[in-house]
1. Averaging sequence separations of C-alpha pairs under 8 Å and six or more residues apart, then dividing by the length of the chain, give the relative contact order as a whole percent.
2. Please figure out what share of the DSSP beta bridges in the range 130-274 is antiparallel and state it in percent, rounded to the nearest 5.
3. Roughly how many whole Å is it from the C-alpha centroid of the range 31-50 to that of the range 125-143?
4. Counting pairs of alpha carbon atoms under 8 Å apart in space and at least six apart in sequence, what relative contact order in percent does the range 72-131 give?
5. Any chance you could give the angle, 0 to 90 degrees and rounded to 10, that helix 188-200 forms with the longest Cα principal axis of the chain?
6. Taking the Cβ of each residue in 188, 83 as the centre, tally the other Cβ atoms inside 10 Å and list the residues starting with the fewest.
7. How tilted is helix 123-139 with respect to the longest principal axis of the chain? Cα atoms for both, answer in degrees (0 to 90, nearest 10).
8. At q = 0.22, 0.23 Å⁻¹, what log₁₀ I(q)/I(0) does the range 31-142 have when each alpha carbon counts as one equal point scatterer in the Debye sum?
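Taken together, the values in this text are just the output of simple stated rules run on the coordinates, not laboratory data. Owing to the predicted nature of the structure, the values given are computational and were not obtained by experimental measurement. Every residue, glycine among them, receives a Cβ derived from its backbone with ideal geometry; neighbour counts consider all protein chains shown.
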């Protein structure tokens, strides 16, 4: 089986490549290999390589800068997905598209199910929602597309909240962290394994929602705020001697955090459908955090 992965320089794509089954051929394309603004290049690569699957990890993910570059964000996060979907429809390949909790506004007050109505707030969320609509319009009912939404992605390398917080604990005395945004982290390692399970078990997912592309959610178990996670990173990082001191975490409200972006305040994803269909047992977020910190520690030895 041949798998083409976009965004190969990102933390999730690296985890997917690292965990690939032995019978899989990987074509991993970085942003230098594939400019997602270039529709002709997208078509050419897919037509020439004819992958069985495209795992689309590539995206413009800086939500702050997204507000300043809406046209560019839409081209990268939405229009490229339309081109990928159109090309795969012709080549009979499959698409596994990574989407985000930012397609919701966080005003529901409880966890979001896969087929809840989309209501994005900012440009990033709107671009991811538009991509999902393109996939449904083009691949809906054809059994060629699957959308996998996730939230608060962190891993043992790359740019993410875990790596940043470890650095801040070590270098700062006080850190202000938002306490009223509620959701849950997702490990790149665990999400990569879910991607492989989806590909292996595609036949189980075909009739989730008639005539529409199947949508699944995955994040770790439990509920937390960014404040909770920052506190836990300090405690666990200190215990594993990855940092020599723990900073004081000051809880602040979103309204007090300078930002151009309106973020969803409660974006917890309901993963029950994924757990049932793929036989998943997501670990609690604190356990996952500890496993990632142990891995970072091991990598430094």
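1. 21
2. Working: 2 of 14 bridges.
The antiparallel fraction comes to roughly 15 percent.
3. Answer, in whole Å: 19.
4. Values: 46 pairs, mean separation 27.7, N = 60.
That works out to 46 percent.
5. Roughly 20 degrees between the two axes.
6. 83, 188
7. Around 30 degrees separate the two axes.
8. -1.22, -1.29
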